[in-house]
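First the structure, in the form of structure tokens, and then the observations on it.
The values are calculated or read from the model by the stated rules, or taken from the named source; none is laboratory data. Small disclaimer: the values here were computed from a predicted structure and weren't measured. Cβ placement follows ideal geometry from the backbone for every residue including glycine, while neighbour counts extend to all protein chains displayed. Surface accessibility is based on the protein's heavy atoms, side chains included, excluding ligands, DNA and RNA. Shrake-Rupley method; radii C 1.70, N 1.55, O 1.52, S 1.80 Å.
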Amino acid sequence: MADLLRETQAYRLRKPERMTTAVVFASPHSGSDYPPELLARSVLDPQQLRSSEDAFVDRFLEPAAREGAALLTARLPRAWVDLNRDETELDPALIEGLGRGPAGPRVLAGLGVIPRVVSSNRAIYSGKLTRAEADARIATVWRPYHTTLTALLREVQVRFGRAILIDMHSMPSEAVSGAGPRPAEVVLGDRYGAAARPDTVAAVEAIFTRLGLRVARNAPFAGAYVTQHYGRPASGYEVIQVEISRGLYMDEAAIR
């Protein structure tokens with residue numbers, strides 16, 4: 001089955017000529033087109049910047065359209081703008097001109113919609129960004145991606161009566177290394193049952209289990225903005241965040 005490709009600065013959308021499933025796949029953190037402005041402004045080298053990237057996850061998903069499912073992947077990296085955050089999650093420690101109002105734990109940790117740090121809490125910049133810079137990233141990347149995702153899920157839901165978004169991510173192998181002698185290799189997040197029907201999550205878990213992988217639910221990753229915002233099972237929209245251990249498929253230090 002041929003697939004139809006649409007590319008913009010913000011994303012790649014692959015759709016089959018005929019969708020045959022209510023399942024939609026997305027990868028918001030595998031973008032690897034690093035803007036020259038980011039490389040020039042950052043105090044980190046490109047390898048360090050990539051530590052927050054879900055490297056190669058988009059490659060896992062390339063066959064989706066051939067199987068009758070739509071696939072949406074980011075082009076720009078998470079270090080530029082985080083598509084799994086609300087556009088209002090702005091960090092006053094990074095962006096000039098913001099008030100010191102209450103901030104959520106993700107923003108306080110430097111992981112707002114415009115990240116201040118990458119993994120291991122390494123600062124991306126030596127100073128602050130202007131509000132205009134932050135607004136431009138949101139307008140040119142965040143909003144186009146989510147406008148497209150919203151329309152895609154609506155299209156699928158109308159056609160099949162439901163839409164099931166599999167939001168794909170990867171996690172450092174040490175993220176669950178302390179979880180007993182046999183840590184999870186896959187973590188499924190459904191916001192503790194709020195974002196997807198129990199039978200849907202059970203079906204996804206069974207697929208990974210049949211492949212011989214150890215699966216956990218909601219710990220340490222229950223799902224962030226995408227799962228929380230789009231997961232409305234009663235309205236026919238389900239979301240499961242899937243985190244796959246990077247130790248299964250890549251050299252984590254070399255990102256290879």
Exercise. At Ala234 and Val158, where each label point lies 7 Å from the Cα along Cα→Cβ, what is the point-to-point distance in nanometres?
Worked result: 2.4
Problem set entry | Per-residue SASA entry for Lys15, accessible area with 1.4 Å probe, Å² rounded to 10 | 50
Seminar exercise, completed: Between Thr140 and Leu5, Cβ-based FRET efficiency (R0 22 Å, step 0.05) works out to 0.65
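When ligands, DNA and RNA are left out and all protein chains stay put, how many square angstrom of accessible area per residue does segment 1-122 have with a 1.4 Å probe? Spell out each step's value before the answer.
Values: 5460 Å² over 122 residues.
Normalised by residue count, the accessible surface of segment 1-122 is 45 Å².
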Exercise. Excluding ligands and nucleic acids, what accessible area in Å² is computed for Val43 using a 1.4 Å probe, to the nearest 10?
Worked result: 90
Exercise. Contour minus end-to-end for Arg122 and Arg182, with contour as 0.36 nm per residue of separation and end-to-end as the Cα-Cα distance?
Worked result: 18.7 nm
Problem set entry | Hydrodynamic radius (Kirkwood) for the chain, which is based on Cα pairs only, to one decimal in Å | 18.8
Exercise. Of the accessible area of the chain, with the probe set at 1.4 angstrom, what percent is carbon plus sulfur?
Worked result: 53
For this session: Please work out how much accessible surface Ile207 shows to a 1.4 Å probe, ignoring ligands, DNA and RNA, in Å² rounded to 10.
Result: 90
Problem set entry | Extended-chain gain in nm, criterion 0.36 nm per residue less alpha-carbon gap, Arg214 and Arg12 | 69.7 nm
For this session: Rounded, prolate or oblate: pick one for segment 126-256, where a ≥ b ≥ c are the square roots of the eigenvalues of its C-alpha gyration tensor, a/c under 1.5 means rounded, and failing that, prolate if a/b is larger than b/c, else oblate.
Result: oblate
Problem set entry | Translational diffusion of segment 56-195, µm² s⁻¹ [Kirkwood Rh, Cα pairs; Stokes-Einstein; 20 °C; 1.002 mPa s] | 122
Problem set entry | Gap separating the Cα centres of segment 92-162 and segment 46-87, nearest whole Å | 15
Seminar exercise, completed: In whole angstrom, the spacing between the Cα centers of segment 169-222 and segment 234-256 equals 10
Problem set entry | Percent of beta bridges antiparallel (DSSP, segment 18-167, rounded to nearest 5) | 20
